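Below is one structure, written out as structure tokens, with a few remarks after it.
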């Protein structure tokens, strides 16, 4: 891996126990700027648990999660609340869609931007001039994001009325609204048809290239993963079993074994 | 016809007060799925604070309307402080506990606050001054709707419009709606959920205090126990309309107010509360989710 690239996320020996069950077992992982990294593995390998630890939903049992924002001092994320993690510049989407169903598409995006504004509750209630200007700015930048993911025409629809693929794209737009430098995508292509998947592939590449947002994604669609990600990390039974470029992963016997089972004589 | 209108406006006034208190129940329930049984006590404390302020103001010789406004504002501030503290002390430590625990904590806080007022103030009924003056222009219709009713109606309508604007238009309202629809997701897009919950309690308490002051000056007496019945009735209104739904709370309040008023006027006032709670049972049998409530299946 290129040594001159800035390291954004550093996870060292992350372990998560649920009672006697070790869901994540000392996993070490790094994400550099400009990366589209992927985390793959069979179902139940602990990938989503790993995401949940990073984003503050779970407090990991052991290990360190370090965020190195460019030009700012390193922050340890262990035990921070999710909204604090988001403020640090790390956003995520979910495996199953979790939009706010009874809010419009635009509102769904706007809510993500609010953590980047500084007006307090009382200012917001009184609606001073500065608050209104800020609100206008939020509307504009949210529209801009919707254009980027191709949803500007649906801005005033309720998000529950969007087709599936569009809901997925809206989730990405909402995550981007929090102005992250690292975006975690949990199975963004789950349930998509090949056309939608290929649109998504382009969208992810576009985000990575144009917005300077590094991406770490969990995905089962191997074609998507092999096309766009480097490096790839592989987990099985909570442990990291391999890491490397797509070519290295493809030929790694441990990975083949994890997916296809042991070869019999 | 005149009698009918009288009952109609009486029911409307009553109902709008129930609605005001029911909003506090329903907003809190919408966000943290807790029936805040101490909500009625916040209403009672609002009325008591208003009484104390009114007493002091009368000594200084202020006039009726200015006392009403001053007493109302101070009652709101006090009740908000109580509501905020209540959430912080009794409910926040139980976040994540099984749903029964905060419910019991709520009942405990309700009993605690009642007895606190009982000991700190008095077990007797105290007279509350009639702060709402009789307006001259109301004279021709005074036999149908009096000045106090008019003031109550206008205040509640204005309050409800402000609340709707707050929820629909401001970013705080957006954060509240997001928290209601998916609390964890709201956290992940950077909403400070704890602050939104505190704010919900503060807004609910302010509404209860407004209700408390209006009712106390309308009925003319207060007591440490008034919060209980008002709370139960408002809770009924919230359930009638569909708990968690804001328009539902208003509708439930009005339906309840009219039901009480007409039943008392045409049948018998002795059975007023029987009709109220009979209606509750009836609606729960026919529409368990309430009039405007959505019945949603429990996700596993």
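Just so you know, all these numbers are worked out from the coordinates, no wet-lab data involved. Keep in mind that what you see is a predicted model, and the values were worked out from it rather than measured. With ideal geometry, Cβ positions are generated from the backbone for all residues, glycine too; neighbour counts draw on all protein chains shown.
Quick check on packing: order B:270-280, B:19-29 by the mean number of other C-beta atoms within 10 Å, highest mean leading. Before the final figure, lay out each step's value.
Numbers: B:270-280: 14.8, B:19-29: 28.9.
Top to bottom by mean Cβ count within 10 Å: B:19-29, B:270-280.
Multiply the residue gap between residue A:157 and residue A:260 by 0.36 nm, knock off their C-alpha separation, and tell me the result in nm, one decimal place. Walk me through the numbers on the way to the answer.
Working: separation 103, 0.36 × 103 = 37.08 nm, distance 4.37 nm.
Full extension from residue A:157 to residue A:260 adds 32.7 nm.
Can you check what the Kirkwood hydrodynamic radius comes to for the range B:37-179, Cα pairs only, in Å to one decimal? Final number for the Kirkwood radius of the range B:37-179 is 18.0 Å.
Quick one: if the Förster radius is 25 Å, what FRET efficiency do residue B:5 and residue B:271 give, using the C-beta to C-beta distance and rounding to 0.05? Walk me through the numbers on the way to the answer.
Working: r = 23 Å, r/R0 = 0.90.
For R0 = 25 Å, the calculated efficiency reads 0.65.
Ordering B:176, B:44, A:103 from the fewest to the most neighbouring beta carbons within 10 Å gives A:103, B:176, B:44. Per-residue shielding of B:162-171, expressed as the average number of other chain Cβ atoms within 10 Å of the residue Cβ, stands at 3.
Out of every Cα pair in the range A:99-179, what percent are spaced more than 14 Å from each other? If you can, show how the numbers build up before the last one.
On the way: 1901 of 3240 pairs.
Here the long-distance tail beyond 14 Å is 59 percent of all Cα pairs in the range A:99-179.
Modelled this way, with points 7 Å down the Cα-to-C-beta line, the labels at residue A:251 and residue A:95 are 3.2 nm from one another.
How shielded is B:56-66 by partner chains, expressed as the average number of their Cβ atoms within 10 Å of its Cβ atoms?
Details: counts 0, 0, 0, 0, 0, 0, 0, 0, 0, 0, 0.
Taking the mean over all residues of the peptide, I get 0.
Distance between the pseudo-spin-label points of residue A:59 and residue B:122 (7 Å out from Cα toward the beta carbon): 5.0 nm. With a 10 Å cut-off around each Cβ of A:100-106, the average count of Cβ atoms from other chains is 3. Using the alpha-carbon positions of the range B:217-300, Rg (one decimal) and Dmax (whole number) come out as 14.3, 51 Å. Between residue B:157 and residue B:136, the contour length at 0.36 nm per residue exceeds the Cα-Cα span by 5.3 nm.
Please work out the FRET efficiency for the pair residue A:205 and residue A:136, using the Cβ-Cβ distance as r and a Förster radius of 25 Å; give the result to the nearest 0.05.
Details: r = 31 Å, r/R0 = 1.25.
My answer for the efficiency is 0.20.
Going by the alpha-carbon gyration tensor, a ≥ b ≥ c the square roots of its eigenvalues, is the range A:136-208 rounded (a/c under 1.5) or, if a/c is not under 1.5, prolate (a/b greater than b/c) versus oblate? Oblate.
Rounded, prolate or oblate for the range B:23-69? Axes are the square roots of the Cα gyration tensor eigenvalues, ordered a ≥ b ≥ c, and the cut-off for rounded is a/c under 1.5. Intermediate values should be presented prior to the final figure.
Values: a/c = 6.56, a/b = 3.16, b/c = 2.07.
Since a/c reaches 1.5 and a/b is larger than b/c, the shape of the range B:23-69 is classed as prolate.
Using mean Cβ contacts within 10 Å as the protection proxy, how do B:92-100, A:54-62, B:261-269 order, highest first? Kindly include the intermediate steps, with their values, before the conclusion.
Details: B:92-100: 11.8, A:54-62: 18.4, B:261-269: 15.6.
Peptide ranking by packing, descending: A:54-62, B:261-269, B:92-100.
Just the number, please: Stokes-Einstein D of the range B:2-286 in µm²/s, Kirkwood Rh from C-alpha pairs, 20 °C, 1.002 mPa s. Answer from the Stokes-Einstein relation: 111 µm²/s.
Once the C-beta distance of residue B:221 and residue B:184 is scaled by a Förster radius of 35 Å, the resulting FRET efficiency is 0.15 to the nearest 0.05. Cα gyration tensor of the range B:155-300, axes a ≥ b ≥ c as square roots of the eigenvalues: rounded (a/c below 1.5), prolate (a/b > b/c) or oblate? Because a/c hits 1.5 or more and a/b fails to exceed b/c, the range B:155-300 counts as oblate. The label-point distance for residue B:73 and residue A:15, in a model that sets each label 7 Å from Cα toward Cβ, rounds to 6.0 nm. For chain A, dividing the convex hull volume of the Cα atoms by the residue count gives 149 Å³ per residue.
For the peptides A:168-176, B:61-69, B:137-145, residues were scored by their other Cβ atoms within 10 Å and the scores averaged per peptide; the highest-first order is A:168-176, B:61-69, B:137-145. On the principal axes of its alpha carbon atoms, the range A:1-138 extends 52, 38, 24 Å, with the longest extent given first. Share of pairwise Cα-Cα distances greater than 36 Å in the protein assembly as shown is 45 percent (whole percent). Could you tell me how far the Cα centroid of the range B:97-135 sits from the Cα centroid of the range B:171-239, in Å? Each part reduced to its Cα centre gives a spacing of 15 Å. With q set to 0.10, 0.14, 0.26 Å⁻¹, the log10 of I(q)/I(0) for the range B:1-88, from the Debye formula over equal scatterers at the Cα positions, is -0.37, -0.66, -1.18.
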